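Everything on this sheet refers to the single structure shown next.
Laboratory data are not the source of any read-out in this text; all were calculated from the coordinates shown. Computed from a prediction, not measured in an experiment: that's the story for all the values here. Every residue, glycine as well, gets a Cβ built from its backbone with ideal geometry; the counts of neighbours run over all protein chains shown.
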Amino acid sequence: MKLSKKIVVGILFTALIAASAFPQVFAVEPSQSLIYKEVDGDKLSLKIFRPEASDDGAGKPAVLFFHGGGWNHGSPEQFYHHCQWLRERGIVAISAEYRLCSVHNTGKDYILAANQDAKSAVRYLRKNAVEISVAPHKILVSGHSAGGQMAAATAAVRQVYDEGDDLSISALPDALFLPAAPLHFDRAAVKVRGSDFYKARLQICPYTHLKHPLPPTRI
């Protein structure tokens, strides 16, 4: 039975809410690790949790996660148990690496670099949907903290992207799940993080750039 896009989005929202309460009691590993981008010698990968059931050729709904850590630290492993829970229910789940200030020496542009990588990851999924067994127009993006900001920005912030990407492929997700996402940066946040953050926030603050219709979103 072919499900409508609205039904698929509803299923994904319900699954993510349930997965958020998933107990982390055992180790899990992704089915595959695919390099989606290489920048200055650094290879960034997607940790893919693919359901065991065979695909019917149409591709499966997918959820792409971005971990938290202030754009400075963290690991895709933050969402491994969420991914495992979704994989067991027939959804392709992906947890993404992206450039971190403390690891990749991105300097004062560290927030912009991370946001560029988020767009690159969505584009890679869409471009390689057949190989990854993903339905290219059933991609939900989510994240926590800094990763939540990045998830929101894939839809709201249109002017930040990697010029090396194939821009003919849309980075706009089909749905967003934002349970813990900083959508607006107030003066307190700017004061803590300094002038570089002030300049970056004007470019990557989702709230500031709500000029376009967003995909279905759960906050």
antiparallel share of DSSP beta bridges within segment 22-138, to nearest 5, in %, is 65
Highest mean packing first, using Cβ neighbours within 10 angstrom, the peptides 67-75, 96-104 sort as 96-104, 67-75
By the mean-Cβ-within-10 Å protection proxy, highest first, 163-173, 140-150 rank as 140-150, 163-173
The simple spin-label model distance between Ser170 and Lys127, using points 7 Å out along Cα→Cβ, in nm, is 1.8
The convex hull of the Cα atoms of segment 49-109, divided by residue count, gives a volume in Å³ per residue of 89
At R0 = 30 Å the Cβ-Cβ FRET efficiency linking Val39 and Arg89, nearest 0.05, sits at 0.35
Karplus ³J(HN,Hα) for segment 92-102 (6.51 cos²θ - 1.76 cosθ + 1.60, θ = phi - 60°; Hz, whole; x = Gly/Pro) runs 6, 10, 9, 10, 9, 7, 8, 5, 10, 4, 6
Taking every other residue with Cβ under 13 Å from the Cβ of Lys127 and scoring Lys and Arg +1, Asp and Glu -1, one gets +1
